[in-house]
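What follows is a single structure, written as structure tokens, with notes after it.
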Amino acid sequence: MATSISYLASRAALVFVVALLEYYLISLNHLVISANSSPNNNYCTPIEANDTDLIQFALNLEFLEAEFFLHGALGEGLDAISPNLALGGPPPIGGHKANLNPLVAPIIQEFGYQEVGHLRAIITTIGGFPRPLLNLSRENFAALFDQAAGFPLTPPFDPYANSVNYLLASYAIPYVGLAGYVGTIPDLTEPTNCRLVASLLGVEAGQDAVIRALLYKMAHWKVFPYTLTVADFTNLISGLRNKLGRCGIKDEGIIVAQALGTENRTCSNVLSADLDSLSYARTQPEILRIVYATGDESVPGGFYPRGANGNIARRFLNGY
């Protein structure tokens with residue numbers, strides 16, 4: 001009996017060490033990718049723009065989140081829930097109702113309605129622009145996850161297949177907007193605008209925390225039918241965003257090497273933050289490079305096949 005217990009304990013320890021080594025290697029790869037994307041005059045510092053343009057830029061991400069969450073939870077988007085907020089923009093491509101479990105479904109529905117409120121708050125406060133064309137198709141997400149993994153996943157990743165996949169797909173979206181709001185607030189001049197963006201940031205941060213916490217609970221799960229775990233995928237997605245953003249490490253997965261952990265003492269990473277546990281900030285060009293999935297703010301693609309809208313996004317498309 002004692003021998004059996006000793007064997008089981010040794011086996012459990014071995015499994016833990018192997019898992020920890022796997023996460024360390026993924027995180028090390030994340031560091032290498034990020035080091036190769038270090039700042040080099042890539043608009044890593046704030047750009048010149050007025051309050052209206054800075055805040056309206058965020059509408060691009062709010063439209064994306066609203067449509068993805070609403071379609072995922074309800075099978076329909078802004079055109080069914082609050083069509084006036086689309087301001088005449090084209091309907092998104094490829095949105096679907098996801099196969100969500102009873103825990104995740106109401107959370108995503110709540111997120112979707114929250115994004116409707118965000119759109120309304122921005123548009124009624126400072127004005128807006130038509131919803132850009134959005135690509136929410138399975139094919140687009142599959143291409144993004146292939147890009148993150150560094151090889152074609154077989155079968156192609158389907159964000160709408162189940163709750164785990166949908167949460168991983170969600171992991172790829174709200175955090176970019178969160179970092180954008182952190183980067184925007186210091187550049188605003190009007191107190192009322194600062195208050196608006198701070199209020200938006202609070203909810204975006206909450207959404208990201210919920211998604212990360214749900215994924216952290218499943219960190220060791222293999223994402224069927226792949227050999228990669230949930231934690232592996234978060235590290236790969238974060239690594240890709242750092243690479244595309246081209247401004248260093250501003251994104252981290254849910255389990256990291258201790259060198260990236262809180263006070264360099266943890267491997268858990270439920271909240272992504274810098275060395276002082278402060279939120280990372282991104283500029284508008286960084287965000288465009290990420291959501292276009294091209295690494296170039298002047299080359300549309302990814303979620304925005306025709307590019308984002310608003311003065312800031314369009315001036316980069318026009319060769320600013």
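Looking at the structure I just gave you, is Gly72 at negative phi, surrounded by 23 or more Cβ atoms within 10 Å (Cβ to Cβ) and free of Cβ contacts under 8 Å to residues at least 24 places away in the same chain? Give the derivation first.
Numbers: at negative phi: yes; surrounded by 23 or more Cβ atoms within 10 Å (Cβ to Cβ): yes; free of Cβ contacts under 8 Å to residues at least 24 places away in the same chain: no.
No: the conditions fail for Gly72.
Going residue by residue through segment 121-138, is there one that turns out to be closer than 20 Å to Gly206 by Cβ and of a type in the set (Val, Ile, Thr)? Lay out the reasoning, then the answer.
First, pick out the residues of segment 121-138 that are closer than 20 Å to Gly206 by Cβ: 121-122.
Of the ones still in play, those that are also of a type in the set (Val, Ile, Thr) are 122.
Yes, that holds for at least one residue.
Would you check if Glu76 is of a type outside the set (Val, Ile, Thr) and assigned to a helix (DSSP H, G or I)?
Numbers: of a type outside the set (Val, Ile, Thr): yes; assigned to a helix (DSSP H, G or I): no.
It is false that Glu76 is of a type outside the set (Val, Ile, Thr) and assigned to a helix (DSSP H, G or I).
Of the residues Ala198, Ala281, Ala308, Ala219, which is within 25 Å of Val104 (Cβ to Cβ) and modelled with pLDDT of 95 or more? Give the steps one after another, and end with the answer.
Working: Ala198 fails: within 25 Å of Val104 (Cβ to Cβ); Ala281 fails: within 25 Å of Val104 (Cβ to Cβ); Ala308 fails: within 25 Å of Val104 (Cβ to Cβ).
Answer to the check: Ala219.
Name the single residue, out of those in segment 209-226 being among the charged types (D, E, K, R) and free of Cβ contacts under 8 Å to residues at least 40 places away in the same chain, that is nearest to Gln114 (Cα to Cα).
Taking segment 209-226 and keeping what is among the charged types (D, E, K, R), we get 212, 217, 222.
Filter once more, so that each one left must be free of Cβ contacts under 8 Å to residues at least 40 places away in the same chain: 217, 222.
On the way: Lys217: 24, Lys222: 31 Å.
Once the filter is applied, the top-ranked residue is Lys217.
Could you please let me know if Pro130 is within 28 Å of Pro305 (Cβ to Cβ) and at pLDDT 95 or above?
So Pro130 fits the description; yes.
Touching a His at 6+ places or on another chain (Cβ under 7 Å), assigned to a loop (DSSP other than H, G, I, E, B), at pLDDT 95 or above and not acidic (Asp, Glu) - does that describe any residue in segment 98-115? I'd like the intermediate steps shown before the answer.
If we filter segment 98-115 for residues that are touching a His at 6+ places or on another chain (Cβ under 7 Å), which is where we start, we get none.
No: zero hits.
Can you tell me which residue within segment 119-144, out of those that are among the hydrophobic types (A, V, I, L, M, F, W, C) and assigned to a loop (DSSP other than H, G, I, E, B), is nearest to Pro159 (Cα to Cα)? Show your work before the answer.
First, pick out the residues of segment 119-144 that are among the hydrophobic types (A, V, I, L, M, F, W, C): 119, 121-123, 126, 129, 133-134, 136, 141-144.
Pick out the ones that are also assigned to a loop (DSSP other than H, G, I, E, B) and you get 129, 133-134, 136.
Working: Phe129: 28, Leu133: 19, Leu134: 15, Leu136: 9 Å.
Once the filter is applied, the top-ranked residue is Leu136.
The values are calculated or read from the model by the stated rules, or taken from the named source; none is laboratory data. Keep in mind the model is a prediction, meaning the values are calculated, not measured. Please note: Cβ atoms are built from the backbone with ideal geometry, for glycine as well, and neighbour counts cover all protein chains shown.
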